[in-house]
Amino acid sequence: MANTYTQLYFHIVFAVKGRNNLIAVRWKDELYKYITGIISNKNQKLMIINGMPNHVHLLIGTKPNCNLSDLVRDIKANSSKWMNEKQFVNGKFEWQTGFGAFTVSQSAVNNVLDYIKNQEEHHQVKTFKEEYIGFLKSYNIEYKTEYLFTDD
């Protein structure tokens with residue numbers, strides 16, 4: 001749309017079902033490249049992707065017509081289908097239901113890039129659950145503990 005200028009960034013986090021450590025170092029780069037392709041094909045911009053064996057972090061720049069829930073649904077559905085076709089894991093690979101999405105200001109982009117880049121370092125002192133609850137608290141997102149990290 002003419003005369004429309006936006007700068008929209010989202011830090012997105014989602015986990016392997018049951019937070020199982022299924023993302024192996026030997027093929028995680030292939031997974032990340034596949035997810036990058038999904039995002040590019042949706043005309044959005046992936047700034048960085050990284051994670052741990054049980055979860056993934058993304059920083060995405062979006063256009064104003066992007067439906068974030070649809071984008072994350074497509075990322076998770078297509079990447080899990082691809083993972084199962086590649087048979088990277090024994091049994092069926094699934095992502096956990098839901099996701100976290102947190103807006104990022106332009107002034108905080110570099111901090112989020114560094115945070116995502118250094119996942120291994122962060123998780124030497126903090127579990128995924130502690131990290132995720134920390135995000136919810138710092139963004140003042142109300143949540144019920146009994147509904148966190150439950151599998152459908």
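Table for the structure above
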quantity: Accessible area expressed per residue, the chain, with surrounding protein chains retained (probe 1.4 Å, Å²); calculated: 60 Å²
quantity: Those lysines that a straight Cα-Cα span of less than 18 Å connects to Lys33, excepting residues fewer than 8 apart in one chain; calculated: Lys42, Lys45, Lys76, Lys81, Lys86, Lys117
quantity: The chain - Rg (one decimal) and Dmax (whole number), Cα, Å; calculated: 15.4, 51
quantity: Highest average packing first - 32-38, 141-147, Cβ atoms within 10 Å; calculated: 32-38, 141-147
quantity: Candidate aspartates and glutamates for bridging to Lys137, where Cα separation is under 18 Å - those fewer than 8 sequence places away on the same chain excluded; calculated: Glu146
quantity: Segment 89-152: radius of gyration over Cα atoms, expressed as a fraction of 2.2 N^0.38 Å; calculated: 1.32
quantity: 5 angstrom amide H check on Met47, placed H, neighbours 5+ away; calculated: Leu59, Ile60, Gly61
quantity: Sulfur and carbon atoms: percent of accessible area, the chain [1.4 Å]; calculated: 47 percent
quantity: Only Lys, Arg (+1) and Asp, Glu (-1) charged, at Cβ; segment 94-152 dipole about Cα centre in debye; calculated: 240 debye
quantity: Net charge over other residues, Cβ less than 13 angstrom from the Cβ of Ala101 (K, R count +1; D, E count -1); calculated: +1
quantity: Local electrostatic count at Glu121 - Lys and Arg +1, Asp and Glu -1, tallied over other residues with Cβ under 14 Å; calculated: -1
quantity: Mean residue ellipticity (222 nm) of the chain, computed from DSSP H runs ≥ 4 via -39,500 (n - 2.57), nearest 500; calculated: -12500 deg cm²/dmol
quantity: Dipole axis of the chain (+1 Lys, Arg; -1 Asp, Glu on Cβ), positive-most option in Thr6, Ser105, Ile116; calculated: Thr6
quantity: Rounded to whole Hz, the Karplus (6.51, -1.76, 1.60) HN-Hα couplings of segment 94-99, x for glycine and proline; calculated: 9, 8, 5, 4, x, 6
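The values are calculated or read from the model by the stated rules, or taken from the named source; none is laboratory data. If you're wondering where the values come from, they're calculated on a predicted model, not measured in any experiment. With ideal geometry, Cβ positions are generated from the backbone for all residues, glycine too; neighbour counts draw on all protein chains shown. Please note that ligands, DNA and RNA were not included when accessible areas were found on the heavy atoms of the full protein model with its side chains. Shrake-Rupley method; radii C 1.70, N 1.55, O 1.52, S 1.80 Å.
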